[in-house]
Amino acid sequence: MFNKIHGCHLNGHKHMSTNQPILDFLDPDYVYFPLTNGNVTYLKLVDIGTKVLIGQQILLREGRFGHPICSSVSGTVSAIKKMWHSSGKMIEMLEITNDHQNLVCYSETNDGTLTRDIIIDKVKNAGIVGLGGAGFPTYVKYLPTQPVDYVIINAAECEPYLTCDYMSIMENSDKLIRGIHYIMTANNAKKGVIAIKKNKYEAIDILKEHLKGIDDISLYLLNDEYPAGWEKYIVEHVTKKSYTGLPREAGAVVNNVQTAIAVCEAVEMNKPLIERVVTVTGEGLKNPRNFRVKIGTKINDLIELCGGYVDDLKDAYFICGGPMTGRGMFFDELVITSNVGSVIVMPKAEAKKNPDCIGCGKCSENCPSFLTPTSIKQAYLSNNVAELNALNANKCVQCGLCSYVCPSRVEMTDYMAKAKEMLAKANATVKK
């Protein structure tokens with residue numbers, strides 16, 4: 001059971017972006033939509049010159065996890081350009097020029113009938129994916145028919161700097177709670193649980209106020225430790241059950257805060273996934289804050305609204321995602337896709353040469369998966385696939401803790417990621 005996890009307290013830096021309300025930036029001049037996502041290529045439903053409306057399907061992921069991607073603005077498909085993606089790669093994207101008329105193609109009326117199948121269809125047709133970073137199609141989680149006891153909302157947001165979920169709770173608790181009820185209906189679940197860190201006092205007070213008289217949704221208070229937001233950690237704490245594959249094995253379905261809010265809007269308004277809240281923060285910005293933006297917005301627009309970079313900024317890290325698990329970018333021309341929840345600008349500290357591992361064992365002591373990173377590193381460097389299998393390298397969740405706690409500043413997480421990749425390729429070859 002992960003109740004025995006050590007965890008690690010991290011300096012949050014969250015105050016930087018929580019002293020102002022979410023700022024709406026919902027009318028950009030241009031938006032961009034990737035034509036590929038990893039190994040997935042989307043079917044193009046529009047051509048250059050096509051007039052589109054807000055909510056119109058413009059791309060389609062086909063196959064087993066099929067779902068549409070909808071335009072977040074009304075206007076004209078104007079080009080296909082190469083833009084920076086959150087994967088760190090420059091890929092082709094569909095450009096839409098905003099006509100600023102905000103014309104929509106969906107109706108906000110409903111007939112009031114909300115069965116399990118209707119809710120699942122609404123979520124699928126809205127193109128909702130997990131907004132916690134994974135980007136997995138949400139409706140797919142609801143399809144299996146095995147019993148579900150709990151719908152769990154992951155509100156931990158345990159990485160430093162990130163506050164988009166916290167601010168979404170502060171400003172949209174009513175939609176969050178209604179969204180949980182719709183997700184419960186879609187999964188025939190009797191209980192809803194919001195898992196949130198116990199130090200988020202103001203958000204907890206707001207949730208308690210909105211939950212008065214609601215008996216089927218409760219709060220589960222997590223310790224202020226990292227990685228308390230890991231899905232497996234939360235599920236095993238809430239359900240008191242372990243599992244090896246998916247949370248449904250423990251009788252649970254897990255969604256992110258913003259995902260549940262998006263479900264609410266899809267069910268009640270037929271609103272597709274066209275917006276999200278994103279944290280733009282870090283010591284390298286003059287005025288960090290949270291923004292509600294149209295999917296496809298360029299991050300440069302938001303940096304400008306933050307007042308730009310601090311005057312004395314020299315070398316800096318430009319991180320897409322959290323500082324523990326995010327990806328460093330080469331340029332600041334990133335596009336906000338559905339899986340981008342934050343951008344952090346951090347001045348670079350003076351570089352220090354990494355000495356050798358001193359064998360202190362801190363990486364093993366703090367690993368939430370109970371792995372031995374130093375041994376996995378050695379097996380990787382020795383190209384020893386059998387040893388990597390024996391050491392369960394594939395169970396690494398790449399949380400970044402091993403690098404964080406290392407007194408020698410060895411980039412252990414990089415070695416863990418490379419070891420996982422080596423093991424996956426070797427095991428795939430064996431299966432063939």
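The values are calculated or read from the model by the stated rules, or taken from the named source; none is laboratory data. Not measured: the values here are computed from a predicted model. Quick reminder, even Gly has a Cβ in these numbers, built from the backbone with ideal geometry, and neighbours come from all protein chains shown. To get the accessible areas, we keep the full protein, side chains included, count just its heavy atoms, and leave off ligands, DNA and RNA. Shrake-Rupley method; radii C 1.70, N 1.55, O 1.52, S 1.80 Å.
Out of curiosity, is T138 farther than 26 Å from F65 by Cβ and open to solvent by less than 10 Å² (accessible area, probe 1.4 Å)? Considered against the rule, which asks whether it is farther than 26 Å from F65 by Cβ and open to solvent by less than 10 Å² (accessible area, probe 1.4 Å), T138 comes out as no.
Of all residues in the stretch 75-99, those satisfying the criterion of being under 21 Å from G49 (Cα atoms), in contact with a Ser or Thr (Cβ under 8 Å, 6 or more places away or on another chain) and of a type outside the set (A, V, I, L, M, F, W, C) are G75, T76, S78, E92, E95, T97, N98, D99.
Can you pull out the residues in the stretch 397-432 that are closer than 29 Å to E225 by Cα, part of a helix (DSSP H, G or I) and open to solvent by 70 Å² or more (accessible area, probe 1.4 Å)? Selection gives Y404, D414, K418, E421. Whether any residue in the stretch 18-40 is more than 30 Å from T76 (Cβ to Cβ), at pLDDT 95 or above and surrounded by 16 or more Cβ atoms within 10 Å (Cβ to Cβ) is what I want to check. Yes, that holds for at least one residue. Looking only at the stretch 292-320, residues that are closer than 11 Å to I336 by Cα, out of contact with any Asp or Glu (no Cβ under 7 Å at 6 or more places or on another chain) and not acidic (D, E) come to 4 in all. Scanning the stretch 406-423 for residues that are modelled with pLDDT under 85 and under 25 Å from the mean Cα position of the chain (by Cα) turns up just one, E411. If you scan the stretch 165-182, which residues turn out to be among the small types (G, A, S) and either in contact with a strand residue (DSSP E or B) (Cβ under 9 Å, 6 or more places away or on another chain) or open to solvent by 50 Å² or more (accessible area, probe 1.4 Å) (or both)? The answer is S168, G179. Screening the stretch 232-327 for strands (runs of 3 or more DSSP E) wholly inside it with 1 or more residues that are free of Cβ contacts under 8 Å to residues at least 40 places away in the same chain, open to solvent by 10 Å² or more (accessible area, probe 1.4 Å) and not hydrophobic (A, V, I, L, M, F, W, C) returns the ranges 316-320. Looking at T145, T185, can you tell me which residue is surrounded by fewer than 24 Cβ atoms within 10 Å (Cβ to Cβ), of a type in the set (S, T, Y) and modelled with pLDDT under 95? Criteria check complete, one pass: T145. For the stretch 337-396, name all the residues that are farther than 20 Å from V410 by Cα, assigned to a loop (DSSP other than H, G, I, E, B) and open to solvent by 40 Å² or more (accessible area, probe 1.4 Å). Once the filter is applied, which keeps residues that are farther than 20 Å from V410 by Cα, assigned to a loop (DSSP other than H, G, I, E, B) and open to solvent by 40 Å² or more (accessible area, probe 1.4 Å), the stretch 337-396 yields N339, N384, N392. Highlighted here are the strands (runs of 3 or more DSSP E) found entirely within the stretch 64-176 that include at least 1 residues which are under 30 Å from K14 (Cβ atoms): 75-84, 150-154. Among the residues of this structure, V405 counts as one that is touching a Lys or Arg at 6+ places or on another chain (Cβ under 6 Å), farther than 19 Å from G321 by Cβ and β-branched (V, I, T).
You will find that of Y166, Y161, Y150, the residue that is touching a His at 6+ places or on another chain (Cβ under 8 Å), closer than 30 Å to T18 by Cβ and among the aromatic types (F, W, Y) is Y161 and no other.
Results for (1) buried (at least 18 other Cβ atoms within 10 Å of the Cβ); (2) among the basic types (K, R); (3) in contact with a strand residue (DSSP E or B) (Cβ under 6 Å, 6 or more places away or on another chain), shown as yes or no for each residue.
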| residue | (1), (2), (3) |
| --- | --- |
| K51 | no, yes, yes |
| I80 | no, no, yes |
| G88 | no, no, yes |
| T109 | no, no, no |
| G112 | no, no, no |
| V123 | yes, no, no |
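For the stretch 34-57, a residue qualifies if it is touching a Cys at 6+ places or on another chain (Cβ under 9 Å) and either in a strand (DSSP E or B) or among the small types (G, A, S) (or both), and the qualifying residues are V52, I54, G55, Q57. Just checking, does the stretch 25-41 include any residue being over 27 Å from V280 (Cβ atoms) and touching a residue at least 40 places away in the same chain (Cβ under 8 Å)? Among the residues of the stretch 25-41, not one is over 27 Å from V280 (Cβ atoms) and touching a residue at least 40 places away in the same chain (Cβ under 8 Å), which makes the answer no.
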